[in-house]
Each structure stands twice: as C-alpha cells, then as structure tokens.
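Below is one structure, written out as structure tokens; comments come after it.
All of the numbers you see were taken from the coordinates with simple rules; none came from a lab. Owing to the predicted nature of the structure, the values given are computational and were not obtained by experimental measurement. All Cβ positions, glycine included, derive from the backbone under ideal geometry; neighbour counts span all protein chains shown.
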Amino acid sequence: MVLISSYHGLIIIRKWDIQSGSELQLKLERRTYLVTTVLSYVFIFELISLFLYIFTAENLHTMFVGAMCGAGTLNVGEYGYQTLLVKIAIFFMAGIWLIVNYTNNRAFDYPLIKLQYILLLSLAPLTLLEMILQSSYLLNLKADVITSCCGSLFSRSVAAVAGDLQGIPLIRMELLLWPALLIHIILGVLLTIKGRGVYLFAIVSVVVFLVGMASIISYVSPYIFELPVHNCPFCILKAEYCYIGYAIYVFLFGTLLAGVGSGVVAFWGRQESLKDIMPTICHRLALVSLVSSLIFSMLILYSIVFSNLKI
C-alpha cells in the first residue's frame with residue numbers, strides 16, 4: 001500500500017496546483033483523499049507494529065537455548081536488531097507523517113500536501129527494507145541455535161554501544177537525566193502557557209529521548225531488577241516487573257514524537273491558511289509531550305524510590 005501510494009504521491013508532487021480548476025486537479029484531489037485515508041491506517045498500524053515486534057521477541061525467548069528475554073531472541077538471527085532499528089526509524093517518521101497529515105487537513109488549501117508526499121517517498125524504501133529484514137529474520141529462526149543471553153549482550157566487557165552505556169557511572173547519568181527532564185518540563189509549561197520556545201522544546205525533546213534511552217540501560221534498570229549488574233532494557237518488559245518497561249518506552253517515545261512534531265508544525269505551518277490553526281496544534285502536541293515526559297519521570301522515580309536496591 002505504501003509503494004502504490006508513493007506512485008500516486010509522485011504524480012501529486014509534480015502536478016498539484018490548488019489554484020487550478022482543471023479536470024486533472026479535481027482527480028488529484030479525489031485521489032489524495034483515498035491515499036491519505038489508507039496511509040493513515042497503515043502508519044497507525046506501523047506505530048503499533050514496533051511494540052508488537054518487541055512483544056513477539058520477548059515471548060519467543062523460551063524457544064532458544066541461552067535466551068533469557070527478547071534480547072537473546074533478536075540475537076538469534078542476523079537481522080533481528082537491524083529490523084528493530086528500522087522499525088524505530090519508521091515509528092518516528094510515520095508519526096511525523098500523521099501529524100503533518102492532521103495539520104494539512106485542517107486548512108482549506110492543503111498547504112502541506114507536497115511535504116506530506118515527500119515524507120511518504122522517504123518512508124517507502126524504509127518500509128520495503130523493513131518487510132525484507134523482518135521476513136528474513138522470522139523465516140530463518142532456528143530453534144536449535146544457541147544464542148547469547150542479555151547478561152553477555154549488555155555488559156561492560158562488550159565492545160559495543162550497549163557495553164559503553166552500561167559502563168557510564170550512575171552519578172553521571174543522574175546528572176544528565178534529571179536536569180534534562182526538568183528543562184523539558186519547564187519549557188513545556190512555558191510553551192503551553194505562552195506559546196513560545198517551540199523549537200527549543202523540540203530540540204530538548206530529542207535530548208530527553210537520547211538521555212532517557214541511555215539511562216534505562218545504565219541507570220534505571222538495575223533499580224527495577226534490584227540487581228546492580230543487570231542492565232537489560234528488554235527484561236523490564238517481563239510480567240514479573242508488571243510490564244513497566246512498556247509504559248516507560250511508550251511515554252518516552254511519546255515525549256519525542258509529540259515534541260518534535262510541535263517543532264515541525266511550527267516550522268511548516270507558517271502559511272497563511274495555517275496561521276490560526278498552527279498555535280492550537282502546537283499547543284496540543286506540546287501538552288502531549290509534556291504529559292508524556294511527566295509520566296516517564298514519575299515511572300523512573302517510582303522505580304528508584306520503591307526499589308530495595310540502594311546504590
């Protein structure tokens with residue numbers, strides 16, 4: 001559906017002229033109603049697909065020797081983690097597309113229509129890559145393969161990003177995480193009240209996401225497990241930890257998506273037909289990002305305060 005929609009998107013990018021009353025323009029306007037409706041459902045499913053993929057990997061770990069959680073399952077095949085990274089990229093790009101589509105439909109002249117289809121053309125190869133990688137991964141899973149457990153994948157001895165994150169001192173991550181969250185919340189309050197600082201808010205949302213992801217591995221997870229040497233970002237998804245990991249990830253991802261979305265709308269929403277609509281949409285997105293950030297902060301604080309682990 002994405003590839004077929006991309007074909008129509010190319011035509012719309014080249015031929016769209018809202019000032020024209022030609023038969024071609026009327027056909028393009030009818031066609032874009034159908035295409036955007038289809039794509040809205042497709043990209044909503046893509047947002048859900050990321051968490052469904054992680055959920056599936058987590059529940060398949062019992063089939064593989066050595067796997068203790070989804071981290072081991074994704075390590076069984078060559079394409080497990082590659083698929084995950086592509087899905088994360090699609091998650092945010094699809095989310096931005098949905099925000100742009102919502103904004104565009106609020107204006108009478110559809111001023112963001114070309115931006116909308118340029119984003120679609122960027123998403124099409126990623127969606128195709130996702131299909132190839134995910135199919136290759138799932139179709140080549142071998143139950144007799146011995147895989148690595150999360151303890152070996154997320155340890156200081158691993159010469160990779162996971163090992164580097166695990167090796168960050170807790171005090172350093174504390175000094176990064178809480179000030180970043182505090183600044184984000186303050187900027188979010190100012191933006192929702194006064195409507196200023198949207199671009200800075202979007203940038204800080206990115207910082208909060210990056211620091212938040214790093215802190216889950218190096219700072220938060222040991223408190224959840226009550227074990228200072230366990231730093232797996234997948235084990236926090238387990239039932240014995242009340243599935244708290246899903247809530248943490250949903251609100252962290254929501255912080256980034258809504259925060260960056262507010263910046264995108266503010267930048268591209270300067271057209272005359274969007275001037276009255278844009279502040280309201282930015283306000284709503286900033287509020288979603290702010291609330292997500294607050295809930296993420298409370299989840300982290302709860303995990304630390306009520307943990308039996310004291311570091």
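Seen against the Cα atoms of the chain and their longest principal axis, helix 80-105 is set at about 30 degrees. With each label modelled as a point 7 angstrom along the Cα→C-beta vector, the Arg14-Ile44 pair spans 3.2 nm. Excluding same-chain neighbours fewer than eight residues apart, the aspartates and glutamates reachable from Lys142 by a Cα-Cα span under 17 Å are Glu58, Glu78. The convex hull around the C-alpha trace of the range 1-149, projected and averaged over every direction, spans 8.9 square nanometres.
How far is helix 170-194 tilted, in degrees, relative to the longest principal axis of the Cα atoms in the chain, given as a value from 0 to 90 rounded to the nearest 10? For helix 170-194, the angle is close to 30 degrees. Once the Cα-Cα distance is subtracted from the 0.36 nm per residue extended length, the Glu272 to Asp109 segment shows a gain of 57.7 nm. If R0 is taken as 35 Å, the Cβ-Cβ distance between Gln25 and Asn59 corresponds to a FRET efficiency of 0.10. Between 0 and 90 degrees, the angle of helix 198-215 with respect to the longest Cα principal axis of the chain falls at about 30 degrees.
Hydrodynamic analysis of the range 154-311 uses the Kirkwood radius over alpha carbon pairs. Inserted into Stokes-Einstein at 25 °C and 0.890 mPa s, it gives a translational diffusion coefficient of 150 µm²/s. Top mean-square fluctuation among Ala57, Ala239, Ala266, Gaussian network model of the chain, C-alpha springs under 10 Å? Taking springs between Cα atoms under 10 Å, the residue moving most is Ala239. Between Arg172 and Val207, full extension at 0.36 nm per residue minus the direct alpha carbon distance yields a gain of 11.1 nm.
Footprinting exposure proxy ranking of Tyr241, Tyr137, Tyr219, fewest other C-beta atoms within 10 angstrom first, gives Tyr241, Tyr137, Tyr219. Sequentially through the range 2-12, phi angles give Karplus couplings (6.51, -1.76, 1.60; θ = phi - 60°) of 5, 5, 5, 5, 5, 4, 5, x, 4, 5, 5 Hz, Gly and Pro residues having no value and appearing as x.
Coordinate range of the alpha-carbon atoms in the chain per principal axis, descending: 67, 50, 30 Å. Fewest-first ordering of Asp109, Asp144 by other beta carbons within 10 Å of each residue's beta carbon gives Asp144, Asp109.
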